[in-house]
Amino acid sequence: TAGGNDPNLAISGATLPMVWPGASYSGRIGNMWQAVGNNSNGNGETITYALTVTPTNCVFTYHYAVVLYDGGHPNGQQPFFNIKATDGNGNDIACGDYEVDATQARTGAIGGFNRISSRAIYWKPWSSVLLPLINYIGQTVKITFTTRGCEPGGCAGSHYAYAYIDAECGPPVLVASSPTICG
């Protein structure tokens with residue numbers, strides 16, 4: 001994505017830039033078929049970023065914005081967004097995990113979401129996370145971003161999840177305030 005605001009949210013008057021402020025591009029995963037009239041399926045998408053950690057790239061910073069359309073389904077069937085970080089052996093990097101579904105966004109269990117008042121759409125503006133990887137120098141670390149729409153029979157694709165992602169890695173930095181620092 002090269003710029004502008006999210007067209008799905010703009011229909012309802014909300015403004016979410018499709019590119020993290022200060023960047024030129026972002027990636028988008030997921031779908032918004034409901035808004036454009038094609039409820040063909042509820043498939044999700046995954047993108048993985050793998051890097052061999054060195055002293056010059058041992059801080060992974062990612063920025064994300066997410067949109068979830070609440071279908072009112074039980075947990076496990078709701079649209080969701082997930083971030084998972086694993087070390088060179090495939091073990092979770094505990095502070096690198098994040099998961100939110102539409103129920104958590106609606107109930108406020110995970111904060112930071114706005115609601116489109118006329119629809120059950122919850123969206124989180126761009127957020128930044130710093131993931132220190134200095135303990136993983138020499139390993140190939142993977143960060144995986146996943147979205148999925150709703151899953152109950154007859155609903156596939158009617159309630160969606162999608163996210164915009166921007167990522168970078170660099171040397172250790174001193175941060176006085178935002179972004180969130182993991183670990």
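The values are calculated or read from the model by the stated rules, or taken from the named source; none is laboratory data. Keep in mind the model is a prediction, meaning the values are calculated, not measured. Methodologically, a virtual Cβ is constructed for each residue, glycine included, from the backbone with ideal geometry; neighbour enumeration extends over all protein chains shown. With ligands, DNA and RNA removed, areas are computed over all heavy atoms of the protein, side chains included. Shrake-Rupley method; radii C 1.70, N 1.55, O 1.52, S 1.80 Å.
Some notes on this structure:
- Close contacts from segment 14-31, counting a first residue that is within 13 Å of V66 (Cα to Cα) and a second that is acidic (D, E) and outside any loop (DSSP other than H, G, I, E, B), with Cβ to Cβ under 6 Å and a gap of 6+ residues or different chains, come to W20/D166; S26/D166; I29/E45; G30/E45.
- Residue within segment 78-96 that is out of contact with any strand residue (DSSP E or B) (no Cβ under 7 Å at 6 or more places or on another chain) and under 23 Å from T15 (Cα atoms) present: no
- Residue match in segment 134-148 (condition: touching a His at 6+ places or on another chain (Cβ under 9 Å) and not basic (K, R)): no
- Among the residues of segment 80-93, those that are open to solvent by less than 20 Å² (accessible area, probe 1.4 Å), part of a strand (DSSP E or B) and either hydroxyl-bearing (S, T, Y) or closer than 20 Å to I134 by Cβ (or both) comprise I83, A85.
- Test: residue in segment 53-72 that is β-branched (V, I, T), over 23 Å from N8 (Cα atoms) and open to solvent by less than 10 Å² (accessible area, probe 1.4 Å): yes
Residue-wise test of (1) touching a Phe, Trp or Tyr at 6+ places or on another chain (Cβ under 7 Å); (2) outside any loop (DSSP other than H, G, I, E, B); (3) open to solvent by 20 Å² or more (accessible area, probe 1.4 Å).
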{"position": "N75", "(1), (2), (3)": "no, no, yes"}
{"position": "C95", "(1), (2), (3)": "no, yes, yes"}
{"position": "R119", "(1), (2), (3)": "no, no, yes"}
{"position": "I143", "(1), (2), (3)": "yes, yes, no"}
{"position": "T147", "(1), (2), (3)": "yes, yes, no"}
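- Some residue of segment 161-180 being more than 30 Å from T54 (Cβ to Cβ), modelled with pLDDT of 75 or more and under 19 Å from the mean Cα position of the chain (by Cα): yes
- Segment 2-17, residues that are open to solvent by less than 30 Å² (accessible area, probe 1.4 Å) and part of a helix (DSSP H, G or I): N8, L9
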